Amino acid sequence: MMLRAVQASIWLLLVLFSRGWLEVHMARHMLLQFPLLLLGGVLLAGWLPLVWLRRISHYNQFGLNGMVYASLLTSVWMIPSALDLALAEQGINLAKLCSLFLAGVALRLSWQPAGRMLQGFFLIGWAMMSMTVGMLYGESSRRLCNAYLGSEQVSAGNGLIWLSGLLVLGWCLRVWREQQD
Amino acid sequence: MGGGCSPGAVSLSMRRTLLLLALQLGLLLGAAAGMTDGFTGWTSETLRRQRIAAQPQAVLPVHMLDSNGQPFRLDQAIRDDGRWLLLAFVYSRCNSVCSVLGNEFQQLQLDIQRRGLQQQVRLLSISFDPAHDTPEVLGHYAMHLHADPTIWQFAVPQQPTALAALLQQFGIVVIDDGLGGYVHNSAIHLVSPKGRLVRIVDLQDYARVLAMLPLQGKKS
């Protein structure tokens, strides 16, 4: 338990200190910091006591709430004005960090209970939305975020398209392999 | 994981799940609505312009230097002058695409002269690069752009704190473009003779800006 606490603290400090480096470029911010925060949540969720997990599951049948939360929240932080706001105000940035971390926890707790069907539904739905956002970022002739350059916007958009595509592909391959011949 | 073995327990868990679902949807959509002014502004620039149009703001008393090195207070100077003011943020080192704003204002100056509106409206270019843009540099820049000093003036904030306050009030975000220059959300800011920022207009619409002002006796 002590070791886990130390690991968690180290990870948390790393993310907080690297905030400056992570948030300076749009692609790093959205495609590196966000996944790192989610990963942190996923890791923490693995250490939660079983008693907590059982109680949570009473409010998270089929992982429904966790899946909805994770997909909706990541979408919210893709809104250009939300991103700008997080960079301009510390309070909002803190909310962003905490909510994304929580999304990681939610995902970890909800993935198994959701089963392949709901996983596919949410993942593919999220990917379609993200790819649309990615294309909007890439195609837009205007800078959508005041804090980032137009070139950064294009790379972030393209990166998002790739990321969503790869996640869906990875999931499909996983399910393919599970099938009995 | 089911809520228990009995169907009753499971359906209770399902109901709890649905309640939490409603709660979190409300919170998340509420947060999203809060950050987008009710889903009307997806970018900061849209939000900035919408908010000023809905609620004009009195320009702050910022201490500036004009291109002759004379100090003045922005809000006071606007009221003393009594004309409508078209304000834009610039930096003189810019020599690529962004110098387009110099071009827009040149066009506007011509328009103002042609239509005889010099007594009713003027132009002000404020530099956000005080380190490089001293009053002398701005003076040269003004000459380079063929600015008529009675119509088109240049200024720079006296202190870094004044600059920060000005940029904050106007919602201007300046970032490094990685090529030695700056990128910022440039636009034309309409300030009333009483010193209130009433509207922010896109650069591309510069030709229509004069028509937006309540000016008298416009000649075509």
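Per-residue mean of other chain beta-carbon atoms within 10 angstrom of the beta-carbon, peptide B:176-183?
2
Quick one: which residues, 5+ away or cross-chain, put their amide H under 5 Å from the amide H of B:Val90? H built at 1.01 Å from N.
Correct list: B:Ile126, B:Ser127, B:Phe128.
Send over the semi-axes of the stretch B:7-113's equivalent ellipsoid, whole angstrom and largest first, taken as the square roots of 5 times the C-alpha gyration tensor eigenvalues.
52, 17, 13
Tell me the label-point distance for the pair B:Gln159, A:Gln90, using the 7 Å Cα-to-Cβ offset, in nm and rounded to one decimal.
Taking the simple label geometry, B:Gln159 and A:Gln90 are separated by 2.1 nm.
Carbon and sulfur together cover what percent of the accessible area of the stretch A:88-181 at a 1.4 Å probe radius?
For the stretch A:88-181, the apolar C and S fraction of the accessible surface comes to 68 percent.
Calculate, for A:Ser151 and A:Ala8, the FRET efficiency according to 1/(1 + (r/R0)^6) with r their C-beta to C-beta distance and R0 25 Å; round to the nearest 0.05.
Here the calculated transfer efficiency is 0.10.
Are there any helices in chain A, counted as whole DSSP H runs, that stretch 30 Å or more along their axis by Cα and score at least -1.0 on average by Kyte-Doolittle, and if so which?
Qualifying helices: A:90-139, A:150-178.
Pull up all non-local amide H partners of B:Val62: gap of 5 or more, or a different chain, and H-to-H distance under 5 Å with H placed in the peptide plane.
Long-range HN contacts for B:Val62: B:Leu74, B:Asp75.
Hey, could you grab the Kirkwood Rh for chain B? Inverse mean 1/r over distinct alpha carbon pairs, Å, one decimal.
19.8
With labels modelled as points extended 7 Å from the Cα through the Cβ direction, what inter-label distance (nm, one decimal) is found for A:Leu39 paired with A:Arg174?
Going from the A:Leu39 label point to the A:Arg174 one covers 1.6 nm.
What's the average, rounded to a whole number, of partner chain beta-carbon atoms within 10 Å of each residue's beta-carbon in B:31-39?
4
Provide the FRET efficiency to the nearest 0.05 for the B:Arg115-B:Phe39 pair, computing r from the beta carbons and using R0 = 30 Å. It would help to have the intermediate numbers written out before the result.
On the way: r = 40 Å, r/R0 = 1.33.
It comes to 0.15.
Rounded, prolate or oblate: which fits chain A, taking a ≥ b ≥ c as square roots of the Cα gyration tensor eigenvalues, rounded meaning a/c under 1.5, else prolate when a/b beats b/c?
Oblate, since a/c reaches 1.5 and b/c is not below a/b.
Given the options A:Ala106, A:Ala127, A:Ala88, state which has the largest fluctuation in a GNM of chain A using a 10 Å cut-off (strictly under) for Cα springs.
Among A:Ala106, A:Ala127, A:Ala88, the largest mean-square fluctuation in the Gaussian network model of chain A belongs to A:Ala88.
Accessible area per residue of the stretch A:1-157 at 1.4 Å probe, in Å²? Numbers along the way, then the final one.
Numbers: 7790 Å² over 157 residues.
On a per-residue basis, 50 Å².
Along the Cα→Cβ direction, 7 angstrom out, place labels at A:Leu48 and B:Asp81. What is the inter-label distance in nm?
Here the modelled spin labels are 5.9 nm apart.
Compute the length gained on full extension between B:Leu215 and B:Arg51: take 0.36 nm times their separation in residues and subtract their Cα-Cα distance, giving the result in nm to one decimal.
Net length gain for the segment: 56.7 nm.
If one computes P(r) from the Cα atoms of the stretch A:88-181, what percent of pairs lie at distances over 14 Å? Write out the running numbers ahead of the final one.
Values: 3266 of 4371 pairs.
The share of Cα pairs beyond 14 Å in the stretch A:88-181 comes to 75 percent.
Report the gain in length on full extension from B:Asp176 to B:Thr134: 0.36 nm times residue separation, minus Cα-Cα distance, nm rounded to one decimal.
Numbers: separation 42, 0.36 × 42 = 15.12 nm, distance 1.98 nm.
So the chain would gain 13.1 nm between B:Asp176 and B:Thr134.
Over the Cα atoms of the stretch B:176-220, what Rg and Dmax result, in angstrom?
Looking at the stretch B:176-220, its Cα Rg and Dmax stand at 14.6, 47 Å.
Taking the square root of 5 times each eigenvalue of the Cα gyration tensor, what semi-axes in Å does the equivalent ellipsoid of the protein assembly as shown have, largest first?
53, 21, 19
Give me D for the stretch B:63-183 in µm² s⁻¹, whole number, from Stokes-Einstein with Rh from the Kirkwood sum over alpha-carbon pairs, 10 °C and 1.306 mPa s. All intermediate terms of the calculation are to be shown ahead of the outcome.
Working: Rh = 14.7 Å.
Translational diffusion coefficient: 108 µm²/s.
Determine the total buried accessible area between chain B and chain A, counting protein heavy atoms only with a 1.4 Å probe; round to the nearest 100 Å².
Summed over both sides, the interface buries about 2700 Å².
If one takes the longest principal axis of the Cα atoms in chain B, at what angle in degrees, from 0 to 90 and to the nearest 10, does the Cα axis of helix B:135-144 lie?
The angle comes out at about 80 degrees.
Expressed as a fraction of 2.2 N^0.38 Å, the rule-of-thumb size for a compact globular protein of N residues, what is the C-alpha radius of gyration of the stretch A:20-112?
1.14
Apply the Kirkwood formula to the stretch A:61-122: the hydrodynamic radius equals the inverse of the mean of 1/r over all pairs of different alpha-carbon atoms; give it in Å with one decimal.
Evaluated on the stretch A:61-122, it is 12.2 Å.
Note the angle between two axes, namely the Cα long axis of helix B:7-35 and the longest principal axis of the Cα atoms of chain B, as a number of degrees from 0 to 90, rounded to the nearest 10.
Value to nearest ten degrees: 0.
The values are calculated or read from the model by the stated rules, or taken from the named source; none is laboratory data. Everything numeric in this text was worked out from a predicted model, so none of it was measured. Heads up, the Cβs are rebuilt from the backbone with ideal geometry, glycines too, and the neighbour counts pull from every protein chain shown. With ligands, DNA and RNA removed, areas are computed over all heavy atoms of the protein, side chains included. Shrake-Rupley method; radii C 1.70, N 1.55, O 1.52, S 1.80 Å.
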